[in-house]
Amino acid sequence: MSKIYAVLLLLCVTLFSLPAQDLNYQTVVVDGQTYYEYTVQSGEGLYAVSRIFSVSVADILRHNPGAERGLLNGQKLLIPVSGQNKRKTASLSRTDVSRASPSPVLDQNTTFPHTVAIGETVFSISRMYHTTVDEIYRLNPGAREKISEGQVLVIPQRRVISKEKEENYRFHTILPKETLYSVSRTYSLKPEDVMRANPGLSVETFRIGKTIRIPFFESYEVVLPYEQQTTNILHKVRQGETLYSIAKQYNVEVQDIEHLNAILLGGLKTDMEILIPVKKSVVEGDSGPGANEANRLLSRSFSSEKVNVMKVGLLLPFLDETKGSHLRLQEYYEGFLLAVEKMKNQGASIELFVFEIGKGDDTRKLSSLLGTLEMQSLNLIIGGVSDAQIKLLSDFSISHDIKYVVPFSQTNAEVLNNGNIFQVNPMKEMTYTKASSVFVQTFRNENIIFVQGGSNDKNDFVSLLQNDLRKNNVRYENLNTATTLSTAVLPLLSRNKENLIVPVSGDSGFLRQIIDELKKVQESDSSLIITLFGYPDWQTYTSLKNDYALFGTYIFAPFFVNDQDNNVEDFKTNFRKWYGRDLLDTYPSYGMWGYDTGLFFLTALQRYGNHFEHSIEQVKVNSLQFPFHFVRPNNWGGFINSGLYFINWGANDRIIKTDKSR
């Protein structure tokens, strides 16, 4: 008998322990501590409950005063979530997750998938999700080599809770069949809450594989997708019913009913009351008015509210003389004033507030300025140079819901997490990725030859470009010499198509060397068609520009001034008239930088009001130097300019500047 008793006892312990493998119980947060909310079943005692959750009886008593007097059927208990009782979630197989293709994993409590977008780097992704490069490498070892557009990375879920309310959130990657309504229900939020946290969310951006931000949420809480969440309903057993028939009636598994009802150890009996874990979507409904309203939110349109008097703040360290910075910023301001004058001549009413904000990381002067009523009443802020200044202005723009333009920085992380920011200066990686794509489309039928040598400072771009060429089955050749290019290149040249020469360096000395060698080739055989392709740096090489037309040279650049443009000549004349001097010889031109930025954003504010971001694609201006095409890096961040020009020196020394931004 003793052996039989031991086996039965072992069976009971095993059955009571089974639910601990799933732990599909609702969680709540009380005073910062996360708990499973458990309903006591008939006949259950403290020991049985402790076995289900792998916690001690003492832990249950500590968090449930009065439980020491015994448990009652239907009594609610708070079971502390510990590292042990959520072992299944914490031990999610990293190997399984990292194998994920574009289909996201279901469990997003410890990690979630991110699909790499154009121009993103591991560093920018780490800043976007408040993690580290090392953490991403740990979960994605292959990312150390390279990442590419469309690749799926595993990202650690946000685990640090900020004291600032607006930063309390986690991330959620949209799963198949999910809707805004079901995601909201997953986290017990209203659809409006999710929309507010993700200003870029729309019908177009709410799609499988895209990540959104979940606001005001305790990141340590374990959550199941709404489609998997269950709620317990009471079922009274009728005569003739079996566990199988009951499970089939509610579309659940028999073992799920057994896990929830310890009373079934004694068998199923007529009139017994048992709990059934039914899907919430079945009981509560996943359609109807709430779902329809969520769909309307995604499809909403925005009407423009005109601003009668546009109040704009320009905040820069005008007195910072480091490396002549004050001269460049003064010219930027002067160019901006010309844009203000142009807008006023067109009927705009503008109040411009200009402030000196101190230099570097010393933000005391800027902090003082931000406390003034003038600053808090602005419609638009432009400025900030250092990361510290940009961070302070970014926080201010969030708290006062003011649009903020970052004019110079390419690397600040604020644009990744602040929906009010517009970054004018494109990220280098974004420029490279777009330039490579345009190159493949434009030159895929040419005879492409890469010439190695020089400083090889363009290896990042060349590696990306050659990879894109291979993916698109476009042939190319590599030539490892420049000094004897005129003889070494001859066997590689084609007489049937255009020959495109691509140096792997932007160095001016190396380019001079290549041009001289290509001249020899042309002299030996004028029937060969030879074209050069190069980099933004080449626009600064004034001594070489006369030779560009000889080879129909192309370059890509995020900014370019065409001196043959009448509008450019008019601006220079007007600048000279206003300020009695010529523009500084800089690349880019700071005077035109200020003018282009002012013209674009003042036009946007005048036409579409304070919420011009919803109509940003409709804003068109005749800029002189920068192409403007603003895109959001994610659903909750701001906008980054992805503008790109392809410039060609053609016949008769004519320069053709083509906007390839879209």
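The values are calculated or read from the model by the stated rules, or taken from the named source; none is laboratory data. This structure is a prediction, so every number in the text was calculated from the model and none was measured. Cβ atoms come from the backbone with ideal geometry, glycine included; neighbour counts cover every protein chain shown.
Of note:
- Verdict on ILE212 being touching a residue at least 40 places away in the same chain (Cβ under 8 Å), surrounded by fewer than 16 Cβ atoms within 10 Å (Cβ to Cβ) and not in a helix (DSSP H, G or I): no
- The one condition in (1) of a type in the set (A, V, I, L, M); (2) under 30 Å from PRO191 (Cα atoms); (3) touching a Leu at 6+ places or on another chain (Cβ under 8 Å) that VAL282 fails to fulfil: (3)
- Residues considered: PHE571, PHE575, PHE601. Of these, the only one that is assigned to a helix (DSSP H, G or I), closer than 22 Å to ASP401 by Cβ and touching a Leu at 6+ places or on another chain (Cβ under 8 Å) is PHE601.
- Residues that are small (Gly, Ala, Ser), under 18 Å from GLY266 (Cβ atoms) and part of a loop (DSSP other than H, G, I, E, B) were ranked within region 35-82; the one that is modelled with the lowest pLDDT is GLY43.
- The one condition in (1) at pLDDT below 95; (2) among the aliphatic types (A, V, I, L, M); (3) touching a Pro at 6+ places or on another chain (Cβ under 8 Å) that LEU329 fails to fulfil: (1)
- Of the residues making up region 614-641, those that are more than 12 Å from SER661 (Cβ to Cβ) and part of a helix (DSSP H, G or I) are HIS614, SER615, ILE616, GLN618.
- Candidates VAL312, VAL282, filtered to the one that is of a type in the set (Val, Ile, Thr) and crowded, with 19+ Cβ neighbours inside 10 Å: VAL312
- When restricted to residues that are surrounded by fewer than 16 Cβ atoms within 10 Å (Cβ to Cβ) and part of a loop (DSSP other than H, G, I, E, B), region 542-557 contains 3.
- A count restricted to region 106-122 and to residues that are of a type in the set (Asp, Glu) and buried (at least 21 other Cβ atoms within 10 Å of the Cβ) stands at 1.
Quick grid of which residues meet (1) surrounded by fewer than 20 Cβ atoms within 10 Å (Cβ to Cβ); (2) modelled with pLDDT of 95 or more:
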{"position": "ASP582", "(1), (2)": "yes, yes"}
{"position": "TRP593", "(1), (2)": "no, yes"}
{"position": "PHE600", "(1), (2)": "no, yes"}
{"position": "HIS611", "(1), (2)": "yes, no"}
{"position": "ASP659", "(1), (2)": "yes, yes"}
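- The selection criterion, being touching a helix residue (DSSP H, G or I) at 6+ places or on another chain (Cβ under 8 Å), surrounded by fewer than 16 Cβ atoms within 10 Å (Cβ to Cβ) and either acidic (Asp, Glu) or assigned to a loop (DSSP other than H, G, I, E, B) (or both), holds for GLU192.
- Listed by position, the helices (runs of 4 or more DSSP H) inside region 235-335 whose residues that are touching a residue at least 12 places away in the same chain (Cβ under 8 Å), more than 23 Å from TYR595 (Cα to Cα) and of a type in the set (Asp, Glu) number at least 2 are 254-260.
- Residue count for region 105-133, restricted to those that are closer than 18 Å to LEU175 by Cα and polar (S, T, N, Q): 5.
- Residue identified as in contact with a Leu (Cβ under 6 Å, 6 or more places away or on another chain) and among the acidic types (Asp, Glu) among GLU477, GLU429, GLU498: GLU477
- Region 136-151: number of residues that are under 14 Å from PHE123 (Cβ atoms) and not β-branched (Val, Ile, Thr): 5
- Region 531-556, residues that are under 19 Å from GLY335 (Cβ atoms) and small (Gly, Ala, Ser): none
- Single unsatisfied condition, ARG158 versus (1) in a loop (DSSP other than H, G, I, E, B); (2) at pLDDT 90 or above; (3) assigned by TED's automatic domain parsing to the domain that holds VAL116; (4) surrounded by 13 or more Cβ atoms within 10 Å (Cβ to Cβ): (2)
- Filtered residues of region 463-490 (kept if modelled with pLDDT of 95 or more, under 12 Å from VAL502 (Cβ atoms) and hydrophobic (A, V, I, L, M, F, W, C)): LEU465, LEU469
- Condition check for LEU366: among the hydrophobic types (A, V, I, L, M, F, W, C), buried (at least 20 other Cβ atoms within 10 Å of the Cβ) and touching a residue at least 60 places away in the same chain (Cβ under 8 Å): no
- Within region 628-646, being farther than 30 Å from MET195 by Cα and buried (at least 21 other Cβ atoms within 10 Å of the Cβ) holds for LEU644, TYR645.
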